[in-house]
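Asks: Have a look at this one.
The values are calculated or read from the model by the stated rules, or taken from the named source; none is laboratory data. Quick caveat: nothing in here was measured; it's all calculated off a predicted structure. Neighbour counts are summed over all protein chains in view; Cβ atoms, including those assigned to glycine, are modelled from backbone coordinates with ideal geometry. The accessibility values were calculated without ligands, DNA or RNA, using every heavy atom of the protein model including side chains. Shrake-Rupley method; radii C 1.70, N 1.55, O 1.52, S 1.80 Å.
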Amino acid sequence: MATAAFLPPIPTPRSRITTARHCLLPICTAATGAPPPDAETDEDAPRSARKDRRRIVRIAWEKLVRWSRSWRRRNRSDVLETTRKVVVLGGGSFGTAMAAQVAAKKPDLEVAMLLRDDLVCRSINHHHVNSKYLSEYRLPENIVATTSASDALAGADFCFHAVPVQFSSSFLGSISTHVDPKLPFISLSKGLELNTLCTMSQIIPRALGNPRQPFIVLSGPSFAVELMERLPTAMVVASKDKKLASAVQQLLASSNLRISTSSDVTGVEIAGALKNVLAIAAGIVEGMHLGNNCMAALVAQGCSEIRWLATKMGAKPTTLAGLSGSGDIMLTCFVNLSRNRNVGLRLGSGEKLDEILNSMNQVAEGVSTAGAVIALAQKYNVKLPVLTAVARIIDNELTPKKAVMELMNLPQVEEV
């Protein structure tokens, strides 16, 4: 008899009707899409309850704002005040956008761009426009361009490296005598060197002959044109030197650019390199009109493959879920401004790779990185079905249609 207290009471006829009606309410709601007749909506809730909810939200927001202001006061830095000169190596779209971003923060800061093209130099110096890239945007007047490495690098406090990965070793070797051994290099280049499988954190010190050259990598979901438009953007800087990462954060952060810091150089670099190959795959799916289901499945599989390899190399899973991982993957795979995605789209539409590359005036790093990624995967004994398929398509050993068939016929396995 003691257990009877824990049993529900037998409903009376009235309560049976009420119970039955309430059991049917979810079914009615699901079928019609409308709330049941006697469901309580926000408008029906007591006024005091609505006020309480709004007060909780307001207090949470106010706490966030107070924390933000307090943090900024405690972490004020004189990095920008003490920086007199910044040099940008390379005059492509992203190098130009970063030059403009830094130059706009301090009118008396000298931002020197080291270029190969005399005509582009004259255009920047006389008309404040990069005539080759982002020519519709006027650049700050404190940006100067030169073809002289000694002039560009003399007295620089920070150096932004924006030369494509496959050309970086030879370029850096040619200017190494002008580089101060303590000059921090901020890498904007994403990819792997084809013959050595090296990332920029390995290429820069090796090419300069200085294993202790200060190094930072900047990455994250960011198109140059949106930086020029000063649209809200968030990126991450990673360095093994936390003070250096913090200094670069202060140098770059502005009202339109949020900069987070990280010590996971490997994770940021590998995610930045592999997402370009995945973007080609995403473009192929779009070009073949394979649908949204296929696109979602492919990108999810590609994210897993990037995680498998990157973590084997020592990357942190949290990095791969952050701005330089998931953030950059989403932007590069789903947005038409992506060069690598457009290469894939045209491949999926039936164009030949040589024709595509000859029609482009910028480098799609994923094309050259694909082969290096597969070699790296073999080194770490990791299977990468999607990224391997991209490499075989680029090598003209597999058609996009055949690649899709092969991938769909892989064994049905447990998700990992």
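Asks: Tell me which strands (runs of 3 or more DSSP E) are completely within the stretch 105-222 and hold 1 or more residues being more than 30 Å from Leu331 (Cα to Cα), or say none if there are none.
Replies: 110-114, 143-146
Asks: Next question, about the same structure. Could you pull out the residue among Asn292, Asn342 that is open to solvent by 20 Å² or more (accessible area, probe 1.4 Å) and either in contact with a helix residue (DSSP H, G or I) (Cβ under 6 Å, 6 or more places away or on another chain) or touching a residue at least 40 places away in the same chain (Cβ under 8 Å) (or both)?
Replies: Answer to the selection: Asn342.
Asks: Which one of these is touching a Gly at 6+ places or on another chain (Cβ under 6 Å) and touching a residue at least 60 places away in the same chain (Cβ under 8 Å): Val102, Val163?
Replies: The conditions single out Val163.
Asks: Being of a type outside the set (A, V, I, L, M), open to solvent by less than 40 Å² (accessible area, probe 1.4 Å) and out of contact with any Cys (no Cβ under 8 Å at 6 or more places or on another chain) is the requirement here; does Thr332 meet it?
Replies: For Thr332, the condition - of a type outside the set (A, V, I, L, M), open to solvent by less than 40 Å² (accessible area, probe 1.4 Å) and out of contact with any Cys (no Cβ under 8 Å at 6 or more places or on another chain) - is met.
Asks: Looking at Leu25, Leu80, Leu7, can you tell me which residue is modelled with pLDDT under 55, at negative phi, open to solvent by less than 50 Å² (accessible area, probe 1.4 Å) and not polar (S, T, N, Q)?
Replies: Step by step, each of Leu25, Leu80, Leu7 is checked, and only Leu25 is modelled with pLDDT under 55, at negative phi, open to solvent by less than 50 Å² (accessible area, probe 1.4 Å) and not polar (S, T, N, Q).
Asks: Then there is this: Please count how many residues of the stretch 123-153 are in contact (Cβ under 8 Å) with a residue 60 or more places away in the chain and open to solvent by 60 Å² or more (accessible area, probe 1.4 Å).
Replies: Selection size over the stretch 123-153: 1.
Asks: Which residues, taken from the stretch 84-103, are open to solvent by less than 90 Å² (accessible area, probe 1.4 Å), closer than 21 Å to Ser148 by Cβ, out of contact with any Cys (no Cβ under 7 Å at 6 or more places or on another chain) and not small (Gly, Ala, Ser)?
Replies: Of everything in the stretch 84-103, those that are open to solvent by less than 90 Å² (accessible area, probe 1.4 Å), closer than 21 Å to Ser148 by Cβ, out of contact with any Cys (no Cβ under 7 Å at 6 or more places or on another chain) and not small (Gly, Ala, Ser) turn out to be Lys85, Val86, Val88, Thr96, Met98, Val102.
Asks: Please count how many residues of the stretch 256-289 are crowded, with 21+ Cβ neighbours inside 10 Å, closer than 17 Å to Pro317 by Cβ and among the small types (Gly, Ala, Ser).
Replies: 4
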